Structures are given as C-alpha cells and as structure tokens.
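Working notes for the structure below.
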Amino acid sequence: MIMRQQFRVLSLLAFVWILTWANRCFADDGYKLWLNYPKINDRALAASYTQQLRQIYFTDGMGKANVARKELLLGVAGMLQFTPQIVKPESAGLLVGTYQKLPAGVTKSLATVGNDEGYVIKTITANNRKQVVIAGKTEKGVLYGVFNFLRLLQTQQPISALNINEYPKLERRVLNHWDNLNRTVERGYAGASIWNWHKLPGYIDQQYIDYARANASIGINGTVLNNVNANALMLTPEYLVKVKALADVFRPYGIRVYLSVKFSSPIEVGKLKTADPLNIEVRQWWKDKVDEIYKYVPDFGGFLVKANSEGQPGPQAYGRNHADGANMMAAALAPHNGIVMWRAFVYDSNPLNDRAKQAYDEFKPLDGKFADNVIVQVKNGAIDFQPREPFHPLFGAMAKTPLMMEFQITQEYTGFSTHLFYEAPLFKEVLDADTYAAGKGTTVAKVLETKPHAKAVTGIAGVANIGTDRNWCGHPFAQSNWYAFGRMAWNPDQSSAQIANDWLRMTFTNDKSFVQPMVQQMLASRENTVNYMTPLGLHHIMGINTHYGPGPWVDKAERPDWTAVYYHKADSLGIGFDRSSAGSKATAQYAPQVQQKFDNLATCPDSNLLWFHHLSWNYKMRSGKTLWFELVHHYYEGVDSVRRLQTVWNGMQGKVDREQYMAVKQLIAIQMEEAIRWRDACVLYFQTFSKQPIPAGYEKPLHPLSYYRDMQFHFAPGIGGSI
Ligand code: GCV
C-alpha cells in the first residue's frame, strides 16, 4: 500500500517535472521577434487561408533560394501548418512575383506599382476563382509585399478583397549602430554588439540573417555598422573584408551597408600629415579609399559622419566648414552613387548662452552649399534625444538642403532597457510638428519627403537598440521601437496605435483582451516617462556620463552644458531655461508662427513650458495650480501611471507566453522602483529652491535627498568611446 502511494507521488512529481521542462523548452525567449509565425487556432479562418494558399505560383527568378519565397513558405508552414504546392498561374490561389513577369491577364487587373520598392497586393477574379496577387516592381518590392501579406495573416485580417498599393515615402531608411570594434555598444542596453568582428568574415552567424529578415519585414533598407564615434581602422582591408561579408548577407534582403568614418582617417590610416578637406592629397586619399570600398561592396551606400562634435575631428580644425568636409567625401562617392550623411549634432566650441542654438548657427549659413549627394542628418530635437524636445529648428530652416531625421531607438534617456517606453508617439509628435517653413502644413515629415533638388535623396535614421541579448533589445517591449521605427520610416503618416496593434498581435497574441488594453498602455507609456523624468519641458537632468537615473543636482562637468543645472536653471525665484525672445532667443530660429507660439506664455504648450521659459514657482498654470504644485503633480502622476501599467500587465498572466510574461513583469517592477527614485529625487531637489511643501495627499518620499544624491551606479551599461 505504502509502496503504491510512493509510486503515485513519484509519478506525479515526474509528470510535473515533464510539464515544467516542456514549458521551458517551448517557451518564447523573444528571439523570433514579430516573425514568430505561430499556428492559427481559429479553424474557420485557417481553413479560408488554406483554401487560398494551397497552390502558389512564383514568377521566374523566384526559385528555391529566393528569400521572399522562403519567408512566405516559412510563414505558411508555421501559421497554417502545410507546404503549398507550386503550380502554374491558372491553378494558383496566390501569385507572387515581379510585375513584368506575371501573366499579362493578371497584370491587367492590377493598378500600377509605385516606385522600385513599391508593391501591390490585390484579390482579383480570374481563371474562375479568386486569386490573390503580390506584385512588386522589383524583387525588393516583392519581398516587402510578401512581408505585408504575412502581416495580414499574422494579424488575422480577411484576404478576400485586398487592394493594397504601397510604396515608401522616404528612400533611405537606415539603422545607425553605435557599435564599436571591440563589441561594446555606445548607449547600448542589450548586451554586446551583434557584429562578431573577430569571427568575420569566415563565420556567418544566423543572427545576421535574422537581423536582415527582421529589417526587411519593416522596410529598413540600410545599416550603418559602426559607431559615429568612429574608429579609423574600419577603413582598412582587415575590416573591409568583414564588411563585405555582412553586405553579402544583407543584399538579398534589400539592405545596403554604410559606414561611419572618422574625419582624421587620412592621417590615422593613410599616414598623411593632414586631413584638410581642400588638400589635394587628402581628396585623392578619400577617392582611392572609396574606390577600394566599392571593390569589396559594389552597392555600398556611403558614409555617416560625426565631425566637430564632442571631440570628434572635423574640417573646422583646418578653418573649413561642414560643407567643405562633406563635399570632399561626396566627390569621392558620387561616381559610385554613394551618399554622405553628415550629422548636424555639433557642439564643439563654447556653447555660449545656449547649446540648443549651435547646430542652427553652424548649418543655416551653409544651406544650399552642400553637394548633390549629401544629406544632413538632424536629431529630432536640438539638445539630445530627451524624453520630449520641441522639433529641431533646422527642419524649418534648410530649404535648399535635403535633411534626414535621426531618431534614437535605443533608450539612452528614456529608461535604458528596463522601462516600457513605446517610442512611436514621440516619433509621431515630431514628424507631425508644423515648421511653417513653406507656409502652414509644412510638417517635419513633409520637409523630409520633399526633395530640394532633382538629385536629392530623402531619408530617416534610427540609432539601433539591438545587441546580443537573446531577445535582441533587452526588454521585450523595446522590440516594438525597432518595429515602429521601420514602419514609420516607410510611411510617417501611420498611427502609433495601428503600429502598436500590429506589433502586439504579431509578437504575442491576437487575443483582443490582451491587445486592446496593451495598445492603450503602450500609447500612454511615453507620457508616463516624461512625467516621472522630465515633465513640463524639463530636460537633461539625468546622471552624469552614464546618463542613468536622476541627476538634477549635477553642477560640475568638463563643460557647462554637460551639467543639469545649465538646463533647468532652478533658483529661489523659479525654474526653466528662458529661450524666448527675451532670453537666449532660440525661438527666433523657428518660423515666425512657431516663434510666436513658443514665445507667448498664453500659447506655449505646458509640455514645452520650461524648455522655453523661466517661470516663478507660483506661476499660475492653465490648470489653476501653481507651477510648483503642477510639477509635483506630474512627477506623482508618472509613478501612478506605472502602477496602472503594472496592474494591467499582472492581469495578462496566462494570455501570453509565460517566459515573456515573467520577463515583462520583472522589468515593470524595476521600472516602478526607478520611477519612484526619479520622482522623489527630483521633487526633493527642486523643493530646496521652491521651499514649498509637497502638497497634502501625495505620499512622502521614501528617503531624504542626500540618499539619492549619494547613490552610485558602477558599471551602468552603455558607456562607449570610439573603440
Ligand atoms: C555617439 C550623445 C550621447 C553620445 C553620442 C552622441 C552623438 O551625446 O550621449 O554617446 O555619441 O550623443 O549622438 O553623437
């Protein structure tokens, strides 16, 4: 009897162990990103998709090695669990291929296919049945069309009456990796660099291929492999052969490789005495170097350059300007159709009264002076990727120069990889901002899309948040930022909600009771972080160097504009940076309509208030509260909103994969702790100036100010350098 009982207990334990083990084995570790094609369990839907996709026709040139074909079959195998038959066009439910190669009867029913990257997905009636056609103008268009079609299946959309005609609004949609050759990643929070330079070119990691698939799925068509704080070694044959290996992997996915280059490379690897852009030897050196690069990578995209900024060398050392520097490289690249992306994030000299004005001051006079194949890459705001910044004034000021947006996907200032911060609303706010440059409605997106001259290229860049962490981005929700960047780069008019909705469905589940509340949480997450970090237009009050945690007290640094006090200017009278016409006059860098809006307290939005104005602690806000009370209120609201997020997420247990659920749960707990730290540290610090109490009803800070000031965070991730 006892033996039998023992046997039962042991069997039960073994059963539990097997279940746990199975759960672990099949758990989702996030590696597959939004391309995890799980089985569609809705039987009716799966049956209707199956009927349509049982037989597929691929045009000539889409043989077994074709990546669009492979992806389509992979998706169908995962979601519908069968391998389609490859048939003639008449018998197919789905026809896939380049427009020109499809049968004439089919193309007749399609609208014209946009540009070289465009595609059509259409349900037509032909051959006595409904046929779905995915047609691209080029193979690249077909690939994008296939990924869009898979998205329809992943998000469980009907395919019986499709009429999609898509093409990208911007030409160069590029990731910028701030990856160093020693595999550290400047401002990276997801492990080491995915480029294993040591093993390249011999070893092609599967991650490179999956990286290309993921990028192609969202329309990203370029990658800058290395940090803008560049190492000149990148241009030596030792590394170029490795760059070639990566370019060869990415090419079938429509992705071109670009490199960040160091301005002083002619000296460092070319052994010249100077890097003066007007020097003949220097110009020849760049020309030869570029010719050499194209021997390795015939479709090389071009250079990204950080010059005369944060200690990086540049043309100003030789009394030349940014156009001189950019045009020299442009001349070398032009014969190969390469481009120069010259960054406007510059502040090398003394910031004088306001660092926010410096890029405009240096670039505005150069408008129209850049070569045809130069595009100036401008950060979304004039300081540095803060949780909120007004749009960069250069977007309304360079009518004759193509401008490229630079967003930061990696969360340097928005919670590293521990805070759930969905960036699409930030992107959207900037893209939709009206510059008034050519009259009302000249949004930043329009500026990016407009070509100032016939040979201009258009583009957008995002600083990548990718590393060797198994889930690529550190936080499962940080993947949504990579995803949203790509989707918005393709079409800046898309809504943040639609993108969040698609991403959640593709990544986790189509269960509405999960998707709807989580779309809301994602949309709110940006404002939540603004509230507990930098409400009402505050900015740059984070920890020194690491940029981790609050640091409003930072008052000593190598340069005044690396401190926090330079920006918040809190004193016994009030707080905020007066950039109005009565202050630093930064508002004068905008069009008059925008200048007036920001200058005038009656029209300046609360969200930008302390960016543009220094106001007394008792200033009466629109809400009727004093500025002090309003500031405190925002900090507390920020923390409360993380509590709401926590409650919503806790309710998602069982709706999504357990491993993913637990990862997010733990990260939200960290975010909670850090949000409270930000709130308490900032409120206590600013209270030393306002001398006013924290209003009744708000919980008391957990510790005195000194506790927060004394906290040390050794080895916080993300510190880089040009290694
Ligand atoms: C790559 C900020 C970051 C730096 C970064 C720089 C830039 O200052 O803190 O790490 O350097 O921006 O965009 O060049």
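Only the coordinates and a few stated rules stand behind these numbers; no lab work does. Predicted, not measured: the structure shown is a model, and the values here were computed from it. No Cβ is skipped: glycine too gets one built from the backbone with ideal geometry, and neighbour counts run over all protein chains shown.
Taking the Cα centre of the chain as origin, work out the dipole magnitude from +1 charges on Lys and Arg Cβ and -1 charges on Asp and Glu Cβ, in debye rounded to 20. Each step should come with its number before you reach the end.
Values: 76 positive and 63 negative charges, 357 e Å.
In debye, rounded to 20, the chain gives about 1720.
Which of TYR708, THR223, ALA586 sits closest to the plus end of the dipole of the chain, meaning its Cα is farthest towards the positive end, when Lys and Arg get +1 and Asp and Glu get -1 on the C-beta?
Checking the options against the dipole of the chain, the answer is THR223.
For ASP384, ASP493, what ranking results if the residue with the fewest other Cβ atoms within 10 Å of its Cβ goes first? Walk me through the numbers on the way to the answer.
Values: ASP384 19, ASP493 12.
Listed from fewest to most nearby Cβ atoms, that is ASP493, ASP384.
If I stretch the segment between LYS585 and TYR31 completely, what's the gain in nm (0.36 nm per residue apart, minus their alpha carbon distance), one decimal? Working shown, then result.
Details: separation 554, 0.36 × 554 = 199.44 nm, distance 4.83 nm.
That works out to 194.6 nm of additional length.
Which residue, HIS419, LEU235, ASN321, has the largest displacement toward the positive end of the dipole of the stretch 172-503 when charges sit on each Cβ (Lys, Arg +1; Asp, Glu -1)?
Result: LEU235.
Do any trypsin sites (Lys or Arg not before Pro) in the stretch 55-117 lie in a loop, going by DSSP, with at most 12 other beta-carbon atoms within 10 Å of their beta carbon, and if so which? All intermediate terms of the calculation are to be shown ahead of the outcome.
Details: sites: LYS64, ARG69, LYS70, LYS101, LYS108; in loops: LYS64.
Of the trypsin sites (Lys or Arg not before Pro), the ones in loops of the stretch 55-117 whose Cβ has at most 12 other Cβ atoms within 10 Å are LYS64.
Counting other C-beta atoms within 10 Å, and keeping those with at most 15, which DSSP coil GluC sites (Glu not before Pro) do you find in the stretch 219-313? Don't skip to the answer; put the middle values down first.
Values: sites: GLU238, GLU268, GLU281, GLU292, GLU310; in loops: GLU310.
Those that pass, being in a loop and sparsely packed, are GLU310.
Describe numerically, in nm with one decimal, the distance between label points set 7 Å from Cα along Cα→Cβ at LYS287 and at LYS39.
6.4
In the chain, with Lys and Arg counted as +1 and Asp and Glu as -1 at Cβ, which of these residues, LEU33, TYR294, SER309, has the Cα nearest the positive end of the dipole, that is, farthest along it?
Toward the positive end, the furthest listed residue is LEU33.
At what distance in nm do the modelled label points of GLU238 and ASN545 sit from each other, each positioned 7 Å from its Cα along Cα→Cβ?
2.8
Using the alpha-carbon centroid of each, what span in Å lies between the stretch 43-107 and the stretch 645-699?
If we compute the Cα centre of each part, the gap is 48 Å.
Under 15 Å Cα-Cα from LYS585, which aspartates and glutamates qualify once same-chain neighbours fewer than 8 residues away are excluded?
LYS585 reaches ASP354, ASP361, ASP599.
Give me the net charge of GLN521's neighbourhood, meaning all other residues with Cβ under 13 Å from the Cβ of GLN521; Lys, Arg count +1, Asp, Glu -1. List each step's numbers first, then the result.
On the way: positive: ARG526, ARG643, ARG644; negative: GLU527.
Neighbourhood net charge equals +2.
Within 10 Å of each residue's Cβ, count the other Cβ atoms and sort LYS440, LYS32 from fewest upward. Present the calculation step by step, with values, prior to reporting the outcome.
Working: LYS440 10, LYS32 18.
Fewest-to-most ranking of LYS440, LYS32: LYS440, LYS32.
Can you give the calculated 222 nm mean residue ellipticity of the chain, where each DSSP H run of n ≥ 4 adds -39,500 (n - 2.57) and the sum is split over every residue, rounded to the nearest 500 deg cm²/dmol? Could the numbers behind the result be given before it?
Details: 22 runs with 275 residues, N = 723.
It comes out at -12000 deg cm²/dmol, rounded to the nearest 500.
For a Förster distance of 56 Å, can you work out the FRET efficiency between the beta-carbons of PHE82 and ILE719, rounded to the nearest 0.05? Could the numbers behind the result be given before it?
Numbers: r = 50 Å, r/R0 = 0.89.
With R0 = 56 Å, the Cβ-Cβ based efficiency is 0.65.
Mind jotting down the three principal axis lengths of the stretch 67-115 based on Cα atoms? Whole angstrom, largest first.
Rounded to whole Å, the extents work out to 33, 26, 14 Å.
Please give the Cα centre distance for the stretch 132-194 versus the stretch 415-491, rounded to the nearest Å.
Cα centres, the stretch 132-194 to the stretch 415-491: 14 Å.
Step through the table entries LYS32/LYS512; LYS39/LYS140; LYS379/LYS700, compare each Cα-Cα distance with 29 Å, and write down the pairs that go over it. Numbers along the way, then the final one.
Details: LYS32/LYS512 22 Å; LYS39/LYS140 27 Å; LYS379/LYS700 38 Å.
Pairs exceeding 29 Å: LYS379/LYS700.
Among VAL297, VAL241, VAL87, what is the fewest-to-most ranking by other Cβ atoms within 10 Å? Walk me through the numbers on the way to the answer.
Working: VAL297 23, VAL241 12, VAL87 16.
In increasing order of surrounding Cβ atoms, one gets VAL241, VAL87, VAL297.
What net charge is computed for the residues neighbouring GLU268, neighbours being all others with C-beta under 13 Å from the C-beta of GLU268, Lys and Arg scored +1, Asp and Glu -1? Could the numbers behind the result be given before it?
Numbers: positive: LYS262, LYS271, LYS273, LYS289; negative: none.
Once all neighbours under 13 Å are counted, the net charge is +4.
Per 20 Å bin, what percent of the C-alpha pairs of the stretch 172-503 does each bin hold, from zero upward?
Using 20 Å bins, I get a P(r) of 33, 61, 6 for the stretch 172-503.
Note down, for the chain, the three equivalent ellipsoid semi-axes (square root of 5 times each alpha carbon gyration tensor eigenvalue), biggest first, whole angstrom.
42, 36, 25
Normalise the Cα radius of gyration of the stretch 43-166 by 2.2 N^0.38 Å (N = residues in it) and let me know the number. If you can, show how the numbers build up before the last one.
Details: Rg = 12.9 Å, N = 124, 2.2 N^0.38 = 13.7 Å.
Relative to the 2.2 N^0.38 Å estimate, the stretch 43-166 comes out at 0.94.
How about LYS295: which lysines have a C-alpha closer than 17 Å to its C-alpha, ignoring those fewer than 8 places off in the same chain?
LYS295 reaches LYS242, LYS244, LYS287.
Once you have the alpha carbon radius of gyration of the stretch 366-440, what is it after dividing by 2.2 N^0.38 Å, with N set to its residue count?
Details: Rg = 14.0 Å, N = 75, 2.2 N^0.38 = 11.3 Å.
Scaled against compact globular proteins, the figure is 1.24.
Can you compute the modelled spin-label distance between ARG658 and TYR707, with each label point 7 Å from Cα toward Cβ, in nm?
So the two model labels end up 3.6 nm from each other.
Can you compute the charge dipole magnitude of the stretch 43-166 about its Cα centre, using +1 on each Lys and Arg Cβ and -1 on each Asp and Glu Cβ, nothing else charged? Give it in debye, rounded to the nearest 20.
Values: 14 positive and 7 negative charges, 65 e Å.
Rounded to the nearest 20 debye, it is 320 debye.
Rounded to the nearest 20 Debye, what is the dipole magnitude of the stretch 172-503 about its Cα centre when Lys and Arg each give +1 and Asp and Glu each give -1 at the C-beta?
500
Take the Cβ-Cβ distance between LYS665 and ARG251 as r, set R0 to 35 Å, and report the resulting FRET efficiency rounded to the nearest 0.05. Each step should come with its number before you reach the end.
Working: r = 40 Å, r/R0 = 1.16.
Approximately 0.30, to the nearest 0.05.
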